[in-house]
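Right, one structure below, let's go through it.
The values are calculated or read from the model by the stated rules, or taken from the named source; none is laboratory data. Given the structure is predicted, the values throughout are model-derived calculations rather than measurements. Methodologically, a virtual Cβ is constructed for each residue, glycine included, from the backbone with ideal geometry; neighbour enumeration extends over all protein chains shown. SASA here: full protein model, heavy atoms, side chains in, ligands and nucleic acids out. Shrake-Rupley method; radii C 1.70, N 1.55, O 1.52, S 1.80 Å.
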Amino acid sequence: MSVTIKDVAKRANVSPSTVSRVLSDSSKISDRTKRKVRKIMEEMGYHINLNARVLVQKSTQTIGIVMKHSASHSLHNPFFPEVLKGISAYCNKKDYSISLTTGESEESIYNEVVKMVQGKRVDGVIVLYSKKDDKVVPYLLKQNIPFVVIGKPVSESNRIMYVDNDNIQAAREATEYLIEHGHRHISFIGEDPAFQVIQDRITGYREALRAYGIEENEAYIQNFEYGTSNGLPVIDKLLDLPERPTAMVISTDVNALVVIKQLRDRHIQVPENMSLITFNNTIVSQLSSPPMTSIDTQTYQLGYEASRCVIELIDDPEMFKRSVIIPTAIKIRESSQTLSKKLNELDNLI
């Protein structure tokens, strides 16, 4: 027979309501009593009956996670496991579970979100992206369910709580770093431009060029979605320009690996013949050859803060919708260096 709250209360010589308050970590119960009751719970092998709690509290203790792409696609990018790690850490601290969307298309992901909300499967939602013409965020607003976006909302930011980096500033600093090391022909390589994060980083890149009086070359701004087959023609297009770039700002370190591979295939060495700065500072940037200079976006912290914010919203749905900006920093490694005469050899290498 399973151990009940009444059994724990009897052993601890407290009331069942005191045990319930310990389970909810109530501030009305002293730390001494909490320690005593929790020790007895452990000794007796007491486990919370989640189904019963859902019925009583009308709460699932679950956060829905809306992926940028399908789970199988997203989890190949080390950014997403790291952000999920941060989300899970805070959820675990507050005794929440998470539920991931698993759809293989935008439409199927949207339909899963509708089922999550209408079926009351989750108490709140974290959307891992901000995208133009997205259907998920407007739906969540309409349903008035607590949710948080990772990324600056495309619209109605005053009604949406979100966690983000200052991606304009981060891209500006990355570009300025290359300019200050002698580069004037700098390319920007992004992903799908429908995502707000890419638009912000392009804006920061352009601001840096203007600040240093460098004429912008539209041909230097290219985008490709994750994958070698998507990236190779884009990289070749840049390398075949009459005035080739000597440095690149790349919006993800996964795509930077594709760039490095193609540069090597064309006998262009990093950093001797091409300097690179990428984003996210995941394990990929640290273990690549050469290790990549990267903008640390504190991915884990993005997830942790998003989780904290959505649980706060669940507890107080009327709270002020605020933004949380996580600072970034450049981690200098071997993929970038000062422009030198060696870069003039590029014409002979391609």
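Using modelled backbone amide H atoms (1.01 Å from N, in-plane), which distant-in-sequence or interchain residues come within less than 5 Å of Tyr129's amide H?
Here Ile150 satisfy the definition.
Could you give P(r) for segment 261-329, binned at 10 Å from zero, as whole percent values over all Cα-Cα pairs?
Over segment 261-329, the share of Cα pairs per 10 Å bin runs 17, 33, 21, 16, 10, 4 percent.
One-quarter of the Cα convex hull surface for the chain, in nm²?
20.9
Can you pull the accessible area of His76 for me, 1.4 Å probe, Å² to the nearest 10?
Counting only protein heavy atoms, His76 exposes about 120 Å² to solvent.
What part of the accessible area of the chain, given as a whole %, is carbon or sulfur when the probe is 1.4 angstrom?
Answer for the chain: carbon and sulfur cover 48 percent of the accessible area.
Once whole DSSP H runs in the chain are found, which of them have Cα atoms spread over 30 Å or more along the helix axis and a mean Kyte-Doolittle score of at least 0.5?
Helices meeting the criterion: none.
Using a 1.4 Å probe, what is the accessible area per residue for the chain, in Å²?
49
Could you tell me the number of lysine pairs in segment 242-349 with C-alpha atoms less than 27 Å from each other, where the two lysines are 8 or more residues apart or belong to different chains?
5
Considering the convex hull of the alpha carbon atoms of segment 80-218, report its projected area averaged over all viewing directions, in nm², one decimal.
Dividing the Cα hull surface by four gives the mean projection, 10.3 nm².
Excluding Ile150 itself, calculate the net charge of residues whose Cβ lies under 10 Å from the Cβ of Ile150, where each Lys or Arg counts +1 and each Asp or Glu counts -1.
Once all neighbours under 10 Å are counted, the net charge is 0.
Over segment 60-201, how many pairs of lysines fall under 13 Å by alpha carbon, counting only those 8 or more apart in sequence or from different chains?
Number of lysine pairs found: 6.
Kindly provide the helix-only [θ] at 222 nm of the chain, computed as the sum of -39,500 (n - 2.57) over DSSP H runs of four or more divided by all residues, to the nearest 500 deg cm²/dmol?
That comes out to -13500 deg cm²/dmol.
Assuming 1.567 mPa s and 4 °C, estimate D for segment 123-201 with Stokes-Einstein, Rh taken as the Kirkwood radius over Cα pairs, in µm²/s.
D, rounded to a whole number, is 92 µm²/s.
Would you pull out the residues with amide H under 5 Å of Gly64's amide H, same chain only if 5 or more places away, H placed 1.01 Å from N?
Ser99, Asp123, Gly124, Val125, Ile126
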